[in-house]
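K.L.:
Take a look at this one; I'll ask things after.
The values are calculated or read from the model by the stated rules, or taken from the named source; none is laboratory data. It should be emphasised that the depicted structure is a prediction, and the values quoted were computed from it without experimental measurement. Cβ placement follows ideal geometry from the backbone for every residue including glycine, while neighbour counts extend to all protein chains displayed. Surface accessibility is based on the protein's heavy atoms, side chains included, excluding ligands, DNA and RNA. Shrake-Rupley method; radii C 1.70, N 1.55, O 1.52, S 1.80 Å.
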Amino acid sequence: MSNICELCRRDSLEQAYEPERSTRGLKIHVCQHCGLVQSLPRIDRAPRAQAAVSGGADWGNVRYGKGFRTQAALSAIKKYADMSKDIALLDVGSNRGSFARAFLDAAPNANIVAVEPDERVADLSASLERTELVRARIEEAPLETGRFDIVHSCHTIEHLAEPMRVLADHWRVLKPGGLLVVDAPNIALIDSEDIVEEWFIDKHLYHFSARSLMRMISASGFEIISAPDLNDRENLLIVARKAYTAFPAIESDSREIEEAEARLTAYMSSRARNLSALTAMAAEISSYAPKRVAMWGAGRLFDSLVVHGQFEPSLLSLLIDKHLKAHVGTRHGTALQEPEALKDANAGVVVVMSRGFADEIVNEARRLAPRAEILLYSDLMARARHAKAA
Ligand SMILES: [Zn+2]
């Protein structure tokens with residue numbers, strides 16, 4: 001497979017970073033012409049390993065994130081489509097059918113072609129009404145030209161070896177003026193000052209900024225009609241329309257290159273600093289025993305705390321993770337529990353190990369354990385960094 005830049009097609013990729021615990025030996029490159037950040041080699045087919053819930057690059061055989069983006073995509077579509085019409089929608093990587101279900105509810109005359117290669121989840125969409133399930137990778141799905149009013153692609157484009165080829169195919173299958181809705185992870189998340197998890201995971205081959213993703217979509221023959229929300233540092237949600245304008249040439253972009261390189265440098269140093277502070281965080285959490293300590297969130301932050309901070313999970317009275325529990329029974333030897341278990345746990349302290357869902361976890365924890373003291377990951381990290389520096 002070629003090592004030219006996927007966006008500008010130049011032989012100008014320069015290695016900038018080597019991720020932690022990459023099982024595929026991936027290296028992160030920045031294009032010295034357009035600034036697109038991309039992983040090499042472009043391995044997009046690897047044998048499925050066991051569910052890996054890891055803070056490292058090997059994270060990600062647990063696919064549960066897409067469901068959280070259903071409402072955002074649906075609201076974006078409602079702004080530009082008449083939901084009472086007979087809409088034909090292509091759902092790329094339909095996963096467990098969460099989006100398809102919500103869309104069919106909101107658009108009573110619509111029909112869906114759902115494309116999903118993962119046999120572990122595809123069947124969940126097989127019985128949906130007004131839905132045709134295609135069990136294939138999007139690159140191999142046989143789809144009719146000009147069939148669709150909307151193409152919806154949620155957290156898929158960053159996994160593809162050749163996203164430009166797939167975008168060209170989305171263009172082909174859309175009707176004139178049809179809508180493309182793309183949602184992808186935002187590289188701006190690595191600016192978070194309390195990041196500890198490896199953001200450059202093996203399953204993601206492209207690492208988009210708002211600008212690089214918009215450029216790629218424009219270069220594929222679309223007109224952007226809704227740019228990503230600049231306040232959302234986790235996701236890039238873009239709505240575009242199939243257009244007939246000449247595809248813009250990809251000009252050199254020194255600012256995008258500088259931003260990408262500065263961002264990677266800052267990420268490496270803040271992540272190294274935070275990883276080295278995890279032992280202090282583990283020590284603070286351990287100091288709350290003999291109070292009963294519950295931890296909520298057993299994903300990547302928890303994994304980092306155990307692996308890098310030598311935190312001892314057996315100190316916990318309770319380890320809660322309502323999303324992961326559906327995929328894995330135990331984490332680092334400790335069984336996962338549902339939130340409801342907090343009701344009878346008599347916890348003195350609840351540690352919230354989440355960044356993106358901290359607010360909603362705090363609300364639920366207050367309801368289930370009104371007398372417990374609640375500690376937030378971000379506060380623990382700030383104190384740990386301070387202790388480390390002192
Ligand atoms: Zn490039």
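K.L.:
Which of the residues spanning the range 155-165 are in contact (Cβ under 8 Å) with a residue 60 or more places away in the chain and open to solvent by 10 Å² or more (accessible area, probe 1.4 Å)?
P.N.:
Of everything in the range 155-165, those that are in contact (Cβ under 8 Å) with a residue 60 or more places away in the chain and open to solvent by 10 Å² or more (accessible area, probe 1.4 Å) turn out to be H155, T156, H159, L160, E162, M164.
K.L.:
May I ask you to list pairs of residues, at least six apart or on different chains, whose Cβ atoms are under 7 Å apart, with the first in the range 5-27 being touching a residue at least 40 places away in the same chain (Cβ under 8 Å) and over 18 Å from R263 (Cβ atoms) and the second being polar (S, T, N, Q) and within 13 Å of the ligand (Cβ to nearest atom)?
P.N.:
E6/Q38
K.L.:
In addition: Applying the selection to the range 10-22, what residues are surrounded by fewer than 14 Cβ atoms within 10 Å (Cβ to Cβ) and either modelled with pLDDT under 95 or more than 16 Å from the ligand (Cβ to nearest atom) (or both)?
P.N.:
Answer for the range 10-22, where residues must be surrounded by fewer than 14 Cβ atoms within 10 Å (Cβ to Cβ) and either modelled with pLDDT under 95 or more than 16 Å from the ligand (Cβ to nearest atom) (or both): just E18.
K.L.:
A further question on this structure: Conditions: (1) farther than 21 Å from A280 by Cα; (2) open to solvent by less than 40 Å² (accessible area, probe 1.4 Å). S354 meets all but one. Number of the miss?
P.N.:
With (1) farther than 21 Å from A280 by Cα; (2) open to solvent by less than 40 Å² (accessible area, probe 1.4 Å) applied to S354, the lone miss is (1).
K.L.:
Name the one entry in S286, S270, S276 that is without any contact (Cβ under 8 Å) to a residue 60 or more places away in the chain, of a type in the set (S, T, N, Q) and in a helix (DSSP H, G or I).
P.N.:
Testing whether each residue is without any contact (Cβ under 8 Å) to a residue 60 or more places away in the chain, of a type in the set (S, T, N, Q) and in a helix (DSSP H, G or I) leaves just S286.
K.L.:
Just checking, how many residues over the range 28-41 are more than 8 Å from the ligand (Cβ to nearest atom) and touching a residue at least 60 places away in the same chain (Cβ under 8 Å)?
P.N.:
5
K.L.:
Consider Y206 against the criteria (1) within 22 Å of R9 (Cα to Cα); (2) at pLDDT below 95: it satisfies all of them except one. Which criterion is unmet?
P.N.:
(2)
K.L.:
Considering the range 234-255 alone, what residues qualify as being under 18 Å from L180 (Cβ atoms), buried (at least 16 other Cβ atoms within 10 Å of the Cβ) and not charged (D, E, K, R)?
P.N.:
N235, L236, L237, I238, V239, A240, A243
K.L.:
Does any residue of the range 227-234 turn out to be in the same structural domain as D194 (by TED's automatic domain parsing) and either hydrophobic (A, V, I, L, M, F, W, C) or over 23 Å from K66 (Cβ atoms) (or both)?
P.N.:
The answer is yes, given that some residue of the range 227-234 is in the same structural domain as D194 (by TED's automatic domain parsing) and either hydrophobic (A, V, I, L, M, F, W, C) or over 23 Å from K66 (Cβ atoms) (or both).
K.L.:
Could you please find all residues in the range 288-340 being touching a Leu at 6+ places or on another chain (Cβ under 6 Å), open to solvent by 20 Å² or more (accessible area, probe 1.4 Å) and more than 16 Å from G55 (Cα to Cα)?
P.N.:
A289, K325, T334, Q337, listed by residue number.
K.L.:
Quick one: which of G177, G146 is in a loop (DSSP other than H, G, I, E, B), on the phi > 0 side of the Ramachandran plot and in contact (Cβ under 8 Å) with a residue 24 or more places away in the chain?
P.N.:
Result of the check over G177, G146: G146.
K.L.:
A further question follows. For the condition polar (S, T, N, Q), modelled with pLDDT under 95 and not in a strand (DSSP E or B), what is the one hit in T265, T245?
P.N.:
Going through T265, T245 in turn, just one is polar (S, T, N, Q), modelled with pLDDT under 95 and not in a strand (DSSP E or B): T245.
K.L.:
Here is a follow-up. Only one of (1) in contact with a Leu (Cβ under 7 Å, 6 or more places away or on another chain); (2) open to solvent by 60 Å² or more (accessible area, probe 1.4 Å); (3) within 21 Å of K203 (Cα to Cα) is not met by G97, so which one is it?
P.N.:
(2)
K.L.:
Got a sec? Which of D58, D44 is more than 16 Å from the ligand (Cβ to nearest atom), within 14 Å of P163 (Cα to Cα) and at pLDDT below 95?
P.N.:
Sole residue among the options that is more than 16 Å from the ligand (Cβ to nearest atom), within 14 Å of P163 (Cα to Cα) and at pLDDT below 95: D44.
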